[in-house]
Amino acid sequence: RLLVSGGVRLEQHEVFGRRLLPKLGVVVHMTSATSLRLSVAKGFRSPTIRELYLFPAPTPDLQPEELWNREIGVSHRIGDHLKLEAALFAIEGQNLIRLRWPHHVNSGAFYHTGYEASLHWLPGNGCEINATWSKLDPDDQTLYAPGKKATLAVTVPWRRLIGSLQAQYIRDLYAADYYRQLLPDYATVAASLTWQILRSLQMRAMVNNLFDQEYQSLLGYPM
């Protein structure tokens, strides 16, 4: 009923010194259908050569990113065909590397929270449906971190054909930190059809943005 996992990474950096990065995970099978999980992990990322020295935004005095990630989640199976999951997470750290033209900067201390819920359904005959909903509170680090996101993926096989549909809905997306430059909410749909010609040969056709929606996921680059 109980699974415990742990690990530690030791990173030695010539510029930023030594970092000890532990992680711990626990899974409790409360029933045959329901599981509870908890995890705690420390993360570290040193600035890249591009961020430190290269055009267009060299910043040689950047400090590495450091954070603690904590998560608690639950999963529940209903029969053999339906699985529901939900998770809460909190990320606390300092010195996220952000682009503020013409340089990169460190963010200072930050605290991000959020949750995610998902559904995985196998209705039969090889069909598969996956849906997720997530919400993020990124504190002041709002640059291209959507506050709300929903996704849906549907796969339907028929003989040698496999049809699939992928949709996503994005809300509260900003092109800058501190809740500045809000971009319009948008939804897009992609569809594909795969033909299994031979065991080792497939042909695939795909259409992105099926309903020809106008949107921006990057400021100044309308799609």
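The values are calculated or read from the model by the stated rules, or taken from the named source; none is laboratory data. Because the structure is a prediction, the values reported are computed rather than measured. Cβ sites come from the backbone with ideal geometry, for glycine too, and all protein chains shown count toward neighbours. Please note that ligands, DNA and RNA were not included when accessible areas were found on the heavy atoms of the full protein model with its side chains. Shrake-Rupley method; radii C 1.70, N 1.55, O 1.52, S 1.80 Å.
If you average the sequence gap of Cα pairs under 8 Å that are 6 or more apart and divide by the length of segment 29-86, what percent do you get for the contact order?
Normalised by residue count, the contact order of segment 29-86 is 39 percent.
Roughly how many Å² of Thr31 are accessible to a 1.4 Å probe, to the nearest 10?
Its heavy atoms expose roughly 70 Å² to the probe.
Given the whole protein assembly as supplied and a 1.4 Å probe, what does the accessible area of Met206 come to in Å², nearest 10?
100 Å²
Any idea how many Lys pairs in the chain come in under 24 angstrom at the alpha carbon, given 8 or more places apart or on separate chains?
The number of close lysine pairs in the chain is 7.
Could you point to the residue in Leu36, Ser46, Gly6 farthest towards the positive end of segment 1-54's charge dipole, with +1 and -1 charges on the Cβ of Lys/Arg and Asp/Glu respectively?
The listed residue farthest towards the positive side: Leu36.
Between Leu99 and Thr34, what FRET efficiency follows from the Cβ-Cβ distance if R0 is 45 Å, with the result rounded to 0.05?
E(calc), rounded to 0.05, equals 0.55.
Before anything else, pin down the relative contact order of the chain: Cα pairs under 8 Å, at least 6 apart, normalised by residue count, whole percent.
Relative contact order here is 10 percent.
Let me know the shape class of the chain, please: from the alpha-carbon gyration tensor, a ≥ b ≥ c as square roots of the eigenvalues, rounded when a/c is under 1.5, otherwise prolate if a/b is greater than b/c, or oblate.
Verdict is oblate for the chain.
Measure out, as a whole number of angstrom, how far apart the alpha-carbon centroids of segment 172-213 and segment 45-77 sit.
26 Å
At a probe radius of 1.4 Å, what is the per-residue accessible area of Trp68, in Å² to the nearest 10?
Only protein atoms counted, so the area is about 90 Å².
For segment 3-118, rounded, prolate or oblate, judged on the Cα gyration tensor with a ≥ b ≥ c (square roots of eigenvalues), a/c < 1.5 rounded, else prolate if a/b > b/c?
Because a/c hits 1.5 or more and a/b exceeds b/c, segment 3-118 counts as prolate.
Arranged from highest to lowest average of other beta-carbon atoms within 10 Å per residue, in what order do the peptides 71-84, 189-202 appear? Don't skip to the answer; put the middle values down first.
On the way: 71-84: 14.2, 189-202: 11.9.
Highest-to-lowest ranking by the protection proxy: 71-84, 189-202.
Summing -39500 (n - 2.57) over the DSSP H runs of n ≥ 4 in the chain and dividing by its residue number, what mean residue ellipticity at 222 nm do you reach, to the nearest 500 deg cm²/dmol?
Mean residue ellipticity at 222 nm (helix-derived): -500 deg cm²/dmol.
Give me the percent of the accessible area of segment 82-223 that comes from carbon and sulfur atoms, probe 1.4 Å, all protein chains in place.
Details: 5290 of 8990 Å².
Answer for segment 82-223 is 59 percent, counting heavy atoms of protein chains only.
Using the heavy atoms of the protein chains alone and a 1.4 angstrom probe, what is the accessible area of the chain per residue in square angstrom?
Using a 1.4 Å probe on heavy atoms only, each residue of the chain averages 65 Å².
Tell me whether segment 54-100 comes out rounded, prolate or oblate; compute the Cα gyration tensor, take square roots of the eigenvalues as a ≥ b ≥ c, and use a/c under 1.5 as the rounded threshold.
Numbers: a/c = 6.27, a/b = 2.90, b/c = 2.17.
It is prolate, given that a/c is not under 1.5 and a/b is the larger ratio.
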